[in-house]
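Just so it is clear, none of the values below were taken in a lab; they were calculated from the coordinates. Note that the structure is predicted; figures quoted are calculated from it, not measured. Cβ coordinates were reconstructed from backbone atoms using ideal geometry, including for glycine residues, and neighbour counts include every protein chain displayed.
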Amino acid sequence: MRNPAQMRAKVTASDCPPEEAERNPAQCSVLSALLDKLRWHAATGRRLGVVMTVQRHDRPRPRIERTFTAVRAALPAGNVAAFDDQLEAISHAPVVDLAALDDFLSGWWRIATRAAADPADWQRMHQEAEQLQSGARPAGRTLAEVLGRREVHL
């Protein structure tokens, strides 16, 4: 590994054009030290060790442990019976399929997390689905109709 002086010399050489480094070595030295302090990589123009993330949503998602007990407890009351029925069907098989059990838990965990994050939205989604299934609300255009209007042919 190089010593800090060698690393600083490399940063100085890449930050300042050679003519500038000859004319004003003190300024290039200060710039180099500043970039080192900020952990800025001169060649790429990026900070070292900085991770970019997406903007946080208004409300943080609830932290639901990914266990059968925690997921069942976090489910809306209308979903608990379906959870129990599916778990019983998987666990009472002659041979328990661990992949199916993991898929079951993952799927219900996503449902519990989404329902707990915004219970009103979860309720509204189910009401709209019931209206569509009962015919009380007309269905929207099909995907084929939307793509046809946009002149997209698959």
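Run the simple label-point estimate for Leu143 and Gln86 please: 7 Å along Cα→C-beta, distance reported in nm.
2.1 nm
Separation between the Ala129 and Thr67 pseudo-spin-labels, each 7 Å from Cα along Cα→Cβ, expressed in nm?
2.8 nm
Rounded, prolate or oblate: which fits the stretch 110-154, taking a ≥ b ≥ c as square roots of the Cα gyration tensor eigenvalues, rounded meaning a/c under 1.5, else prolate when a/b beats b/c?
Details: a/c = 4.02, a/b = 1.79, b/c = 2.25.
It comes out oblate by the Cα gyration axes.
Packing-wise, with mean Cβ within 10 Å as the measure, how do 111-119, 87-95 rank, highest first?
On the way: 111-119: 16.4, 87-95: 10.6.
In decreasing order of mean packing, 111-119, 87-95 become 111-119, 87-95.
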